[in-house]
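Worksheet for the structure shown next.
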Amino acid sequence: MSESTITINWAGKPLELTVARKKYASGGALAVILFSNIEPFAKVSVYLPGVSEHLPEDCFYFKTWEENAGILEKLEEADAIERVGPSVHLNEPSGLRAPLVKLKV
């Protein structure tokens with residue numbers, strides 16, 4: 001797939017990330033993985049069977065919990081993504097939500 005490079009402010013320092021666009025094996029929906037140097041930094045997309053494969057080509061649901069906490073906002077500040085729809089509830093009663101975003105890079 002394709003890749004692009006962005007810089008975010010992470011822990012008070014500039015961090016250069018490679019944004020890799022891939023496809024999930026089942027369904028072919030957009031999968032987005034961030035790399036710092038050649039090391040994986042974060043997998044930010046969430047695959048929702050029966051839903052993700054019907055999204056527009058540049059759109060995906062963003063994983064905002066656990067190790068990805070704070071990354072959504074940093075990518076918005078870098079103008080790499082934008083929220084384009086409502087969040088989906090993934091697991092009640094945990095309150096996990098995945099916002100629908102469009103990848104702009």
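The values are calculated or read from the model by the stated rules, or taken from the named source; none is laboratory data. It should be emphasised that the depicted structure is a prediction, and the values quoted were computed from it without experimental measurement. With ideal geometry, Cβ positions are generated from the backbone for all residues, glycine too; neighbour counts draw on all protein chains shown.
Taking the condition touching a residue at least 12 places away in the same chain (Cβ under 8 Å) and in contact with a Lys or Arg (Cβ under 7 Å, 6 or more places away or on another chain), does Val101 pass? Against the criterion (touching a residue at least 12 places away in the same chain (Cβ under 8 Å) and in contact with a Lys or Arg (Cβ under 7 Å, 6 or more places away or on another chain)), Val101 qualifies.
Rundown of residues vs (1) at pLDDT below 95; (2) surrounded by fewer than 16 Cβ atoms within 10 Å (Cβ to Cβ); (3) not in a loop (DSSP other than H, G, I, E, B), yes/no style:
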position: Met1; (1), (2), (3): yes, yes, no
position: Ile8; (1), (2), (3): no, no, yes
position: Leu72; (1), (2), (3): no, no, yes
position: Gly85; (1), (2), (3): yes, yes, yes
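Taking each residue of region 37-49 that is within 21 Å of Lys102 (Cα to Cα) and looking for partners that are of a type in the set (S, T, N, Q) with beta-carbon atoms closer than 7 Å, six or more apart or interchain, yields Ala42/Asn68; Val44/Asn68.
For region 25-46, the set of residues classified as surrounded by 17 or more Cβ atoms within 10 Å (Cβ to Cβ) and assigned to a loop (DSSP other than H, G, I, E, B) consists of Ala29, Val44, listed by residue number. Of everything in region 87-104 that is modelled with pLDDT under 95 and in a loop (DSSP other than H, G, I, E, B), the residue that is nearest to the chain's Cα centre (by Cα) is Gly95.
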